[in-house]
Amino acid sequence: MSDKLFGIHAQALNLRARRAGLLAANLANADTPNYKARDVDFRSVLGAEAGARDVGMQRTHANHAGAGSGVGGFADVTLKYRVPSQPSLDGNTVDEQVEKGEFASNAVRYMASLQFLERRVSGLIRALREE
Amino acid sequence: MSLFNVFGIAGSGMSAQSVRLNLTASNLANAESVATRPEDAYRARHPVFQSVLEEEAGASVRTAGVVQSGAESEARYAPGHPMADEKGYVYASNVNAMEEMANMISASRSFQQNVEVMNTSKELLLRTLRLGE
């Protein structure tokens, strides 16, 4: 029910939050020698999440948990290392400008998904009101 | 909820950078300290950062240790100095003031960066809390 109600945005919000943690880690380790910046390919992760939603297990009881209904952590394979544009001598591949930009864009997209959800909720509440 | 992890991660970054700022302050304050013997002279201290892998996606940062600079301390000829050795030399610290200033700027920029990440996450969390109002 809630899947149909909120569409992809509930998942997107969750993934955006996780990605924010990842980008924050990159920024926090901007001065750590040998730290390799990591990121996720958002499109493929979200696509996998959406795909898992469609091929859910058949449920024969109302209390059965559906497959792929929860958004788990990133599998290790979905984490990718960033290719540094300017390799540094200490082996650190964090480009602060790139990470900062990605973090800001991630935050804006999080807000966008949130706004969609907000509209959806307020529309639903209006529909439920009996006035 | 992993937006809460951001606070821990950015906080670890801030505390690591504050260690770096502390060491820079101590280096600059001791830049003019002198000693009678070269091995007693103040040596510049620098932090070594290390990433700590969390169970999930992010990695916070910690200060693994503090290393002393191996640069040679400068011998100054100052026969009137109360700490001069029998040849009239005192040994100054091996702090490179330029290096320390650059270090300070870099540390403060990194600190600001972490503060900003924390602020953005806080705003996102607050907006999420108000969802459906």
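The values are calculated or read from the model by the stated rules, or taken from the named source; none is laboratory data. Since we're looking at a predicted model, the values are computed, not measured. With ideal geometry, Cβ positions are generated from the backbone for all residues, glycine too; neighbour counts draw on all protein chains shown.
Give region B:87-121 a look and list any residue that's in contact with a helix residue (DSSP H, G or I) (Cβ under 6 Å, 6 or more places away or on another chain), aliphatic (A, V, I, L, M) and part of a helix (DSSP H, G or I), or say none.
Those that are in contact with a helix residue (DSSP H, G or I) (Cβ under 6 Å, 6 or more places away or on another chain), aliphatic (A, V, I, L, M) and part of a helix (DSSP H, G or I): B:104, B:107, B:117, B:118.
With (1) surrounded by fewer than 19 Cβ atoms within 10 Å (Cβ to Cβ); (2) modelled with pLDDT of 90 or more as the list, and residue B:94 as the residue in question, which single condition is left unmet?
Status for residue B:94: all satisfied but (1).
Being small (Gly, Ala, Ser) and under 29 Å from residue B:48 (Cβ atoms) is the filter; apply it to region A:12-42 and report the residue that is farthest from the other protein chains (Cβ to nearest Cβ).
That would be A:37.
Sort out which residues of region B:70-86 are exposed (fewer than 13 other Cβ atoms within 10 Å of the Cβ) and in a strand (DSSP E or B), and write them in order of number.
Of everything in region B:70-86, just one residue is exposed (fewer than 13 other Cβ atoms within 10 Å of the Cβ) and in a strand (DSSP E or B), namely B:77.
Residue B:19: within 14 Å of chain A (Cβ to nearest Cβ) and within 20 Å of residue A:33 (Cα to Cα), yes or no?
In short, yes.
Taking the options B:50, B:112, name whichever one is more than 9 Å from chain A (Cβ to nearest Cβ), under 30 Å from residue B:3 (Cβ atoms) and not hydrophobic (A, V, I, L, M, F, W, C).
When all the criteria are applied, what remains is B:112.
When region B:47-61 is examined, which residues are found to be surrounded by fewer than 17 Cβ atoms within 10 Å (Cβ to Cβ) and in contact with a strand residue (DSSP E or B) (Cβ under 7 Å, 6 or more places away or on another chain)?
Quick first cut of region B:47-61, residues surrounded by fewer than 17 Cβ atoms within 10 Å (Cβ to Cβ) only: B:48, B:52-56.
Listed by number, the residues that qualify are B:48, B:52, B:53, B:54.
Would you mind listing the helices (runs of 4 or more DSSP H) fully within region A:1-93 where at least 2 residues are modelled with pLDDT under 80?
It comes to A:2-6, A:42-54.
Taking region B:68-98 on its own, how many of its residues are closer than 16 Å to residue B:43 by Cβ and aliphatic (A, V, I, L, M)?
6
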